[in-house]
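Right, one structure below, let's go through it.
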Amino acid sequence: MVDRMRQAQLDEWGGPEVLHVVDDAAVPEAYPGHLLLETISIGLNPVDWKTRAGSGVADQLPASRPLVLGWDIAGTVVATGHDSTGFEVGDTVFGMAGFPGLGNAYADYVAVRAIDVAHAPTDVDPAELAGTPMVSLTAWQALFAIAELVAGQKVLIHGGAGGVGHMAVQFAVNAGATVFATAGPSDQQFVTELGASPIDYTKGDFADHIDKVDLVLDTIGGKVFTRSLDVIADGGRIVTTPDPSQLDIARRRGIRADWVFVHPDQAQLTEIAALQSAGKIHTRIDRRFTLAEIAEAHAYGEQGRAHGKIVVTPR
Ligand SMILES: NC(=O)c1ccc[n+]([C@@H]2O[C@H](COP(=O)([O-])OP(=O)(O)OC[C@H]3O[C@@H](n4cnc5c(N)ncnc54)[C@H](OP(=O)(O)O)[C@@H]3O)[C@@H](O)[C@H]2O)c1
């Protein structure tokens, strides 16, 4: 077992250039309750670049430097800590490590809490695995844990081709809901294939193209949130992902409104892995980078042009 590894660190908040890769970082230990993973693939999310720039979950991270970002990971267990039950050396696992604390995933090896990861399906591309945890857990917690979506309900998903949105569309379709999804012109076909009725958000007001729904999942915020309040049926509700700042606007109109703040959940991830393995959900990959290209991956991601997940493989 090597004792030095590559790791992408940052010493200050800022642009993508603050991320720098060192090759002599200490390989962490498998602390009690933890697994030491050899990284197969790392998934990036908007919170990665928001945090790197000093917002996101920056205020939840320690003041010590350097910091290592990255939460979504797929890896092979190379050591097990005391009390990390259910896993063995050689297992492939995936999960959202440590969120919203330090994830440390931008590295060749990562020590993760065993409860943050699940056994990975063996028949799924590792890039898909690493791209799955945060977006799928967010969608799952919004639709099922918060909104208690059931078969037969009508749901509108904003940003249906995005990371969270495409997971939510697949989960809601799978749960027997009637699903409408807003997406850009080039993603109309994509969301249709996932099982949603597409609405092109660039062509006028989405509210003109939909009757009342029981639930809106808003992954966009701002005016999309406020306009959505007009398409919610009596007794319906809205769950939003970007921030909680507009919840009171909905509540003043008598609409149940929640912000989802994703948390690791091994049981949910295990159910998601089963759906993945059964071919019932897929994670769309846009582009792959290497760890040495982590700054480019951030620069690309924060342009907001990706159609699918951005993943980073060690080499
Ligand atoms: N609170 C939490 O726990 C939590 C967890 C995960 C994510 N989030 C937040 O949720 C948001 C979405 O995350 P994500 O990972 O899904 O991002 P993403 O992969 O970048 O997806 C965003 C999607 O929204 C689409 N879009 C942009 N403007 C739109 C509009 N006006 N109407 C409909 N669709 C529009 C984009 O389409 P185009 O390609 O056409 O631009 C893109 O497909 C981010 O703000 C993220 O930080 C929060």
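The values are calculated or read from the model by the stated rules, or taken from the named source; none is laboratory data. Since we're looking at a predicted model, the values are computed, not measured. Glycine gets a Cβ as well: all are built from the backbone with ideal geometry, and neighbour counts include every protein chain shown. These accessible areas exclude ligands, DNA and RNA; they are computed on the full protein's heavy atoms, side chains included. Shrake-Rupley method; radii C 1.70, N 1.55, O 1.52, S 1.80 Å.
Observations on the model:
- Computed extension length for ASP211-SER277: 20.3 nm, one decimal, from 0.36 nm per residue of separation with the Cα-Cα distance subtracted.
- Rounded to the nearest 0.05, the FRET efficiency derived from the C-beta distance between HIS82 and ASP248 at R0 = 51 Å is 0.65.
- Lys, Arg +1 and Asp, Glu -1 on Cβ, resulting dipole of the range 134-259 about Cα centre, debye, nearest 20: 260
- Ordered by solvent-accessible area of protein heavy atoms (1.4 Å probe), largest first, the residues LYS309, LYS203 come out as LYS203, LYS309.
- Of all lysines in the structure, the ones whose alpha carbon falls short of 26 Å from that of LYS154, not counting any fewer than 8 places away in one chain, are LYS203, LYS212, LYS223, LYS280.
- Crossing angle, helix 163-174 versus the chain [Cα axis fit, 0-90 degrees, rounded to tens]: 60
- With all protein chains in place and a 1.4 Å probe, the accessible surface of the range 134-259 carries 50 percent carbon and sulfur.
- Remark: spin-label model distance THR202-TYR31 equals 4.7 nm, labels positioned 7 Å along the Cα→Cβ axis.
- Translational D in µm²/s for the chain (Stokes-Einstein at 37 °C, 0.692 mPa s, Kirkwood Rh from C-alpha pairs): 165
- Sites excluded, GluC sites (Glu not before Pro) in DSSP loops with at most 16 other C-beta within 10 Å, longest stretch of the chain: 149-315
- Over the range 83-161, Cα pairs under 8 Å with separation of 6+ residues give a relative contact order of 30 percent.
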